[in-house]
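Values in this text are rule-based calculations from the coordinates and carry no lab data. Keep in mind that this is a model prediction, so the values were computed, not measured. Note: ideal-geometry Cβ built from the backbone for every residue, glycine included; neighbour counts use all protein chains shown.
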Amino acid sequence: MTDRLKGKVAILFGAGSVGPGWGNGKATAVLFARNGAHVICVDVNLEAAQETVSIIRGEGGAATALACDVTNSQSVRDVVGKVVEQHGRIDVLHNNVGYATMGGPIELDEVAWHRTIDLNVTSCFITCKHVLPHMLQRRSGAIVNVSSVAAIRYTGYPYVAYYAAKAAVNNFIMGLALQYARQASMSGESEVDCSRPANIDMSLGVLAHARPAHPHCEMGYAGAMLRNEGLDDLRWGADREAIGGEPTQLLLGRAEVFSAPPSHL
C-alpha cells in the first residue's frame, strides 16, 4: 500500500461485481483504497457495492457504499451532492459501468440498442455533468472512463451496439479533455484519461496473466485477474502481446499539459 491517493476522495460508479469473484470496478476500488483514497463505491446493486466496501474495510481502508442508477440524472445528482456534502470534495471520478448485448442490427431490437448506449456512454455524460462543476471550482480532479479494445477493433463477438458505444466513449473523453484543458491547466493536478482493456475473462478484472479464453474470443487468450498480485501491479510484456490488447492507461488527454491550444489542432 502507498499514499499516492492519501486524503483523496474517489467516486467509482460500477464498483460492484455482476457475478462471483472480481470485476474491474471492485478491483479498482480496492486498489484506490490501498493507495490511501476514501472510495465511494456506487452501484445499481447496493449489496454488490457493500461487498466491495467490506473488502476495503477488511484491509483497513476507508469506503462508503451508495446505490445509484447511472442512466438517471437525478439519481446521480443526489449521490454527487451527498458525497460533496459529507466530504467537501471529489478528487477522482471513475466510470466503470459497462454493458454488452449480443447481436447485429438484424437481431438487436431498439430497446437493447438504447440500453447499451445509455449504460456505456450516457452514463459517462451524466456523471461528468454533475461532478465536473465541483472539480472546476477547485481546479483539481481526475476523470477516468473505462472503454474497451472493442472501441477500435473487432474482437470476435457480434455486439454491434457495444462497438459503437465504446467508440463513442473514446471520443467523448477526447473532447472532454481538450474542452476543459485550459480551465484546468493552472492547477497541474487535473487530467481526463481513458482505460481501454482487451478481452478479460469474466468476472471482469485487472490483467495479471494470459490463459486460454472462450472459443469465441478471436485473439485466443483473455486476461485473468489474480487477487493479490493482479491488484498491485499491471504486468504487460508478453502477456499484453498474447492477449493482443492495448495498454490499459491509454492517455487521450492530460489537461495540465495544454496551457495553450496545441498547434496541431
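Note on residue 102 and residue 57: the model spin-label points, each 7 Å out from Cα along the C-beta direction, lie 3.9 nm apart.
Eigen-decomposition of the gyration tensor built on the alpha-carbon atoms of region 82-147 gives equivalent ellipsoid semi-axes of 32, 10, 9 angstrom, largest listed first. Across region 1-97, the volume of the C-alpha convex hull divided among the residues equals 81 Å³ per residue. Under a straight-distance cross-link criterion of Cα-Cα below 27 Å, which lysines are reachable from residue 8, leaving out those fewer than 8 residues away in the same chain? Cα-Cα hits under 27 Å: 26, 82, 129. The length gained on full extension between residue 45 and residue 2, counted as 0.36 nm times the residue separation minus their Cα-Cα distance, comes to 12.5 nm.
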